[in-house]
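Structure, as structure tokens:
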Amino acid sequence: MARAKNRGLQQSFSPSYTVRRWRLGEYIRLSKEDLKKGKDDSNSVINQRDLLNDFYQKHIGEFESVSEYVDDGHTGTDANRENFQRLLSDVMSGKINCVVVKDLSRFARNYSDAGSLIDNLFVQMGVRFISLAENVDSYLNPDSVSSIIVPITNVMNDQYCYQTSKKIRQVFDYKRRNGQYIGAFAPYGYVKHPKDKHRLIIDPDAAEIVKLIFSLFLKGTSKRAIALYLNEHGVPQTERSALYDIHDAIGLRIVCRFIDDIYTNIDCIRHLPQVEVVEEKDYVRHAKPNGYRSYHLILAVTTPFADVLGHNPGRYFAEVQLRTLAMDSWASLEHEMKYKKHIQNPEMISRELKRCADELASCDLSMQTIRNLIRADHTGGNV
């Protein structure tokens, strides 16, 4: 029996591949130190933009869109940089799914923050991360993210911030040794020289009271007894120093759940009637060398009644501190150690506190990111 041949058309099938096209976010950061070096510095915004655009043009077929995020004059330890936060928001909303930087130091100089974002958030969300200088590409070479060069580079960047902070302290120490005053407010008994803020001059009105206080103390009088003595003798400078010359005699601490809540509350305070912000220090974005983080405001509050100087309406000063739960727990423990006498191993405890402060800061950032993710899910991608 003859076998019938199948002479139908032969179809050849080749496997089809879906080429992933990325939505690129180019992140550029210029620190204050870089600004001082001038526009020709290799880290300038122009040079970073040229490098990133060159990368984009060479791989343009991989990308369906490109967005640029620039933070000009911001330190890498500041996790709340405006456009850095916009970048993270766009990552979480899905607007971009690929981030490219010139080098890891442009992304973050804090080891904990960089590691948390690259190793955890970006990987879990399927976001491609590229650092040109270190040849890191989490998509083409996933091992490059966890390779030794990334943690080493991040630690080096962390060390750079430590050295910068150390240099600032050295400048402060130099000024102190040369008799320059670096405090924000003059201590009781002094006023700042009208032409030189680093020079103190004696306040003649308060000088005699200061001499009296020291005289009583040298005679063995306790601090409480001195305070009672001054009150009993109606020392006129007491009220002024407590409510006018000393700006933090009235204090308020606001403990927030998340970092964003701190800045939301600050914005509300700025819009309060009869309240003026006369000084502020952001230790959240610019932590103290020992790891302390908090946001401090000095407010001038106008009141409908007379103040200690007899002015009506009156004017009083108050300090407001804003921090997260983690920051507050840390500060309470650090305060206890600082003022407890005869503590054992203070250097070791200080190092451990600094380490914990960095870990808590990373945790705060992660918690903020998680909340943003949850809210993005409920708002259709908008945080």
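Looking at region 273-306 only, could you name the residues that are within 20 Å of His335 (Cβ to Cβ), assigned to a loop (DSSP other than H, G, I, E, B) and free of Cβ contacts under 8 Å to residues at least 40 places away in the same chain?
Of everything in region 273-306, those that are within 20 Å of His335 (Cβ to Cβ), assigned to a loop (DSSP other than H, G, I, E, B) and free of Cβ contacts under 8 Å to residues at least 40 places away in the same chain turn out to be Tyr283, Lys288, Ser294.
If I filter region 332-352 for residues that are part of a loop (DSSP other than H, G, I, E, B), hydroxyl-bearing (Ser, Thr, Tyr) and within 21 Å of the chain's Cα centre (by Cα), do I get at least one hit?
no
Modelled with pLDDT of 75 or more and of a type outside the set (A, V, I, L, M) - does that describe any residue in region 144-164?
No: region 144-164 contains no residue that is modelled with pLDDT of 75 or more and of a type outside the set (A, V, I, L, M).
Quick one: in region 307-326, which of the residues that are buried (at least 16 other Cβ atoms within 10 Å of the Cβ) and part of a loop (DSSP other than H, G, I, E, B) is modelled with the highest pLDDT?
Residue satisfying both the conditions and the ranking: Asp307.
The values are calculated or read from the model by the stated rules, or taken from the named source; none is laboratory data. From a predicted model like this one, the values you see are computed outputs, not experimental measurements. As a convention, Cβ positions derive from the backbone with ideal geometry for all residues, glycine included, and neighbour counts pool all protein chains shown.
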